[in-house]
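Here is the structure we will look at.
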Amino acid sequence: MSIVINPETDNTFEDPGKRAPLVLGGLDYGGVTENVASLWEATRPPRAWYITLGISMSFMAILGACILHLFMKGTGIWGNNNPVYWGFPIVNFVFWVGIGHAGTLISAILFLFRQNWRTSINRAAEAMTIFAVICAGTFPGIHIGRVWAFYWLFPVPTEHLAMWPNFRSPLLWDVFAVGTYATVSVLFWYMGMVPDIATFRDRCRTKIGKLVYGILSLGWTGSSRGWHRYEAAYVILAALATPLVLSVHTIVSFDFAVSQVPGWHTTIFPPYFVAGAIFSGFAMVVTLLVPCRQLFGLKNLITIRHLENMNKIIMATGLMVGTAYGIEFFIAWYSGVQTETFAFYNRAFGNFWWAYWIMVSCNVFIPQVFWFKWARTTPWFMVIICIFVNIGMWFERFVICITSLCRDYLPSSWAYFYPTEFDILMLLGSFGLFFTLFTLFCRYLPVIAMAEVKNIIPRGGHGDDHDHHETHGSPAVAGE
Amino acid sequence: MADHNKKKTESDHPVSRLVGLLAQFDDPDSLIHAGTHAREAGYKKMDAFTPFPLHGIDEAIGIRRTWLPFFVLAIGLSACAFGLFLQYYSNAGDWSPIFPGYAFMISGKPLFSLPANIPVAFEITVLSSAFAAFFGMWALNRLPRLANPLHRISRFRRATNDRFFLLLEAGDEKYDSSRSRQQLEEWGATAIEECNEDLTDREFPKVLKMAGLILVFLLMIPPVLIFRASGGTSRAPRLHFMPDMDWQDKYKSQVLAPDFDDSVKHTGLFADGRAMRVPLPGTIALGKLENDTEYHRGFLPPQSSYTGELPVLGEKLAGQFNLQDEKPEGTAEGAAAVQEGAAAPQDPNAPPEPNWVTEFPANVPVSRELVERGRQRFEIYCSACHGYNGNGGGLINQHAMALAVNGQAAWTAAKSLHDPTITVQPVGRIFDTMTNGRNTMGPYKSQIPIADRWAIVLYVKALQETGITPAVIAPVEGAPETTPATKPAE
């Protein structure tokens, strides 16, 4: 049960015919529990945790103050004005929804593809999804102006008014897509966490902890009958979440693509948005997990191999996004539509050229360093690259949203967009909200899906790297 | 079965109930082997407890496949149908008598077009299926469960960590305390323990019950207060929880601008503090020229003086911000005073009476329909005072007269339209009375459009011709010269 940490172990080399170990340090079942629970059991978390929480909560308070001010004054405090009625709030919304997508990809799609390496990172990634969707939902939520009439978004029957939402509007599809996504993500995350919360319950020593974790674990015992139905439900949820996550960013892209604004009205938007979402989401996962594994001693569970795999995905999706940028220009030229051609010329060389080139540099050029193995396996370096990727992805949404609206069909309505101080404070504040939630999550909930990791430890529990599935005849669900 | 397992105290109250034998195994493979042995030995009621889903245990202890997927499928399909129906119901028509839908006409497209309705139907399907999978799974597992005798065994805490357990339930036919224990030892258990359910403290704690009741009661107070504040009667203005843009800092036409900025007082859009420019003198709004004096004012165009006054009139009107004033300046009131002679002495300075039209203007089509229209309008606007038959017996007049007799109100009786001073009035004069008012009668030009005013004039003339009973309307040629009809009512 003692943790044998062997930092020299490198699991990034491929040995043909053998599977690289995903858990290092010779951790057995008990060792995994000890390792994951150590931060939670510590009477005092590391000082860095307090510092992160303090900074994050300050920014979250700024967000709260800004929202209060918004409610008192109205949406005029933002820079949104004719012709750019979709300013920072929508940019932030699309950015945060996109961030969320990596979590679902890791938890659902990689699960269906039997990618065992997901087990160490899926819990944190799913938590990230939920916190990102909370940030995302905030922006359209406060963007509706009369927030107290929010229920008009939903089909609520009225006695005489016949006041229904228009079900053919992409903005309404958004309400359903993001609402469903948030709900299903929470269900998936919580369901996956119940066995681990039960572990915490059984290790808890304080009375209040016993009560809270006892209620949250719903009386889970680890019964085999329970596990049987649990796994069935888990596969179903994964199979539901997979088309769901693709539909969400598709529908978010419809907000733009279904309109007729030049630069928006293109069929490439759905796949392009989904690829971009996964790209930015993985970058955020890496940004969060590298400091997390460092601070909380999770290096044996979130290994360099995990990080390297994620960097490979970042590079792959980055190339997809880069291809999409190129295709957009090609189609704009090939279509021969003057406004379309102008829209793209204007993106790259118009009044927002700087935003466009920040986007291209951060999203296309900079991630190319991941061709080098050193860049893929050096934690501090990859964090820097991933932060660039997220800056780039924020600017991608900015470029799409703002440049097209600034220069649409009617030259007399052309104008420049200036964000106000509240736009910027709210963007920073949303990061505060996100990091506050994530920091609290790291301390109070199981950061790593212990039950799932235990399942991929080869049986016998001694870290030898033979493939455990072949040792048993059962058609095992790998990764579960 | 449970009865013979109950341990009896002296008072014959069962204190605990035997659940079964819990055996601990140190690695997953020995648990699977033990499970296989137990199944082969004929045990049916047993369960294994593992820190992670152990593959191979289902076959070992004989767990049947769950039917959860079919449940989810059924819910998903129903939800898809519901999603499509919801959109059809609410967007494609308003045929429902209660909670009616609304036929959304968008760019002339069909009211229901499947492609545009797929996203919402899909999301509803996924959401409902996810709920079905999540809640269905917990329901099938009989969870959440607040208390479980297994959790009283300290050893069992490692079931969620690194140990594997097999529970042979006491309810099983094959169960025999000593023999089962022996078998478990043979199968490789590292520890065996009896699991007992404590039956003495199964009651829900009374303190919690009370606390819950009090909490529910307290939680009901805020909504009640809100309901009272927003629904009850009160002398003070109601609490305004949602301002809903009722107070806005904005410019309004022809009003001093609000102080957006306290440091600068009355900063209008313009130097004079206004938010709107004053029209130039003589400005007449588009379509408001109203140069047909006979039709718009009820008198013949003056031969000399009036033509010259138009610009002056415009200027005056512009100064009052009332461009629609049709009143021939300074004439009506004075003329009224003259006409109502008995009430007001003749003012020698009053301008001369205008040349009232005696025939209906050319663009007033005198017809039965117009009389009917006039009747309708008369009954809406005039009958309250003048009465349905024009004799001044309207309800308001009656009531006000009653008050005036008691000295509780000052009131000038509404004229009977059959009064000889009225019956001789030319149509233009009646039109002017309606337009600008007379004595205590207010002007109706803002309520009644010109065409309707002429219709009322026509009806009034018809009333005067037919006596006091309006039920039968004689065909009127439009001029008062026609012989008076003498048909009494009915």
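On a 26 Å Cα-Cα criterion, which of the cross-link pairs A:Lys73/B:Lys252; A:Lys454/B:Lys174; A:Lys207/B:Lys45; B:Lys288/B:Lys415 come out too long?
Details: A:Lys73/B:Lys252 19 Å; A:Lys454/B:Lys174 33 Å; A:Lys207/B:Lys45 34 Å; B:Lys288/B:Lys415 32 Å.
Check vs 26 Å cut-off fails for A:Lys454/B:Lys174; A:Lys207/B:Lys45; B:Lys288/B:Lys415.
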Between B:Lys252 and B:Leu215, what is the label-to-label distance in nm when each label sits 7 Å out along the Cα-to-Cβ direction? 5.0 nm
How large is ³J(HN,Hα), in whole Hz, for each residue of the range A:270-276 in order, when computed from phi with the Karplus curve 6.51 cos²θ - 1.76 cosθ + 1.60 and θ = phi - 60°, using x for Gly and Pro? x, x, 5, 5, 5, 4, x
Could I have the simple spin-label model distance between A:Phe372 and B:Glu369, label points 7 Å from Cα toward Cβ, reported in nm to one decimal? 9.0 nm
Order of B:Leu31, A:Leu171 under a 10 Å beta carbon neighbour criterion, fewest first: A:Leu171, B:Leu31
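Under the rule of -39500 (n - 2.57) per DSSP H run of 4 or more residues, summed and divided by the residues of chain A, what mean residue ellipticity at 222 nm is obtained, to the nearest 500 deg cm²/dmol? Could you put the intermediate results ahead of the total?
Values: 15 runs with 293 residues, N = 480.
It lands at -21000 deg cm²/dmol.
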Kirkwood hydrodynamic radius of the range A:1-152, from inverse mean 1/r over distinct Cα pairs, in Å: 19.6 Å
Quick query: amide H of B:Ser16 versus all other amide H atoms, modeled in the peptide plane; which residues come in under 5 Å with a sequence gap of 5 or more or a different chain? B:Lys7, B:Leu199
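At 10 °C and 1.306 mPa s, grab the translational diffusion coefficient of the range A:309-390 from Stokes-Einstein with a Kirkwood Rh over Cα pairs, rounded to a whole number in µm² per second. Mind showing how you got there, number by number?
Numbers: Rh = 13.9 Å.
Estimated diffusion coefficient is 114 µm²/s.
Based on the alpha-carbon gyration tensor of the protein assembly as shown, what equivalent-ellipsoid semi-axes (square roots of 5 times the eigenvalues) come out, in whole Å, largest first?
Working: eigenvalues 1308, 286, 127 Å².
Whole-Å semi-axes of the equivalent ellipsoid: 81, 38, 25.
Taking neighbour Cβ counts within 10 Å as the exposure measure, how do A:Val321, A:Val290, B:Val207, B:Val19 sort from fewest upward? Provide the component values of the computation, followed by the final result.
Values: A:Val321 26, A:Val290 19, B:Val207 8, B:Val19 22.
If I rank by nearby Cβ atoms, fewest first, I get B:Val207, A:Val290, B:Val19, A:Val321.
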Using a Förster distance of 41 Å, how high is the FRET efficiency between B:Lys45 and A:Lys207, based on the Cβ-Cβ distance and rounded to 0.05? 0.75
Which one, B:Phe131, B:Ala121, B:Leu68, projects farthest toward the positive side of the charge dipole computed for the range B:14-203 from Cβ point charges (K/R +1, D/E -1)? B:Ala121
On a 0 to 90 degree scale, rounded to 10, what angle separates helix A:338-349 from the longest Cα axis of chain A? 60 degrees
Which one of B:Met401, A:Ala65, A:Pro83 is farthest out on the positive end of the charge dipole of the protein assembly as shown, using unit charges on Cβ (Lys, Arg +1; Asp, Glu -1) and the Cα centre as origin? A:Ala65
Can you tell me the length gained on complete extension of the stretch A:Ile424 to A:Gln260, counting 0.36 nm per residue apart and subtracting the Cα distance? 56.2 nm
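Quick one: Kirkwood hydrodynamic radius for the range A:134-235, alpha-carbon pairs, angstrom, one decimal? It would help to have the intermediate numbers written out before the result.
Details: mean 1/r = 0.0584 Å⁻¹.
About 17.1 Å, per the Kirkwood formula over Cα pairs.
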Going by C-beta contacts inside 10 Å, put B:Ile430, B:Ile75, A:Ile278 in order with the fewest on the left. B:Ile75, B:Ile430, A:Ile278
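Where the only charges are on Cβ atoms (+1 Lys, Arg; -1 Asp, Glu), what is the dipole of the range B:14-203 about its Cα centre, to the nearest 20 debye? Before the final figure, lay out each step's value.
On the way: 18 positive and 22 negative charges, 97 e Å.
Dipole about the Cα centre, nearest 20: 460 debye.
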Using a Förster distance of 22 angstrom, determine the FRET efficiency expected from the C-beta separation of B:Leu289 and B:His418, and round it to 0.05. 0.05
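Could you give the semi-axes, largest first, of the ellipsoid that matches the range B:14-203, computed as the square roots of 5 times the alpha carbon gyration tensor eigenvalues and rounded to whole Å? Each step should come with its number before you reach the end.
Working: eigenvalues 564, 69, 35 Å².
Semi-axis lengths for the range B:14-203 are 53, 19, 13 Å.
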Expressed in nanometres to one decimal, the distance between label points 7 Å along Cα→Cβ at B:Met276 and A:Ile268 is 5.1 nm
With eigenvalues of the C-alpha gyration tensor scaled by 5 and rooted, chain A, Å: 40, 26, 21
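Taking the convex hull of the Cα atoms, report for the range A:201-301 its projected area averaged over all directions, in nm².
10.6 nm²
Return the loop-located trypsin sites (Lys or Arg not before Pro) in the range B:153-217 (DSSP other than H, G, I, E, B) with at most 11 other Cβ atoms within 10 Å of their own Cβ; answer none if there are none.
Working: sites: B:Arg155, B:Arg157, B:Arg158, B:Arg163, B:Lys174, B:Arg179, B:Arg181, B:Arg202, B:Lys206, B:Lys209; in loops: B:Arg163, B:Lys174, B:Arg202.
Here the sparse-neighbourhood loop sites are B:Arg202.
Can you order the peptides A:250-263, B:365-378, A:88-101 by their average number of other Cβ atoms within 10 Å per residue, highest first?
Values: A:250-263: 20.9, B:365-378: 17.6, A:88-101: 27.0.
The peptides rank, most packed first, as A:88-101, A:250-263, B:365-378.
Every number here is computed from the coordinates shown, using simple stated rules; none is lab data. As the structure is a computational prediction, the values presented were derived from the model and not from experiment. So basically every Cβ, Gly included, is an ideal-geometry build from the backbone, and we count neighbours across all protein chains shown.
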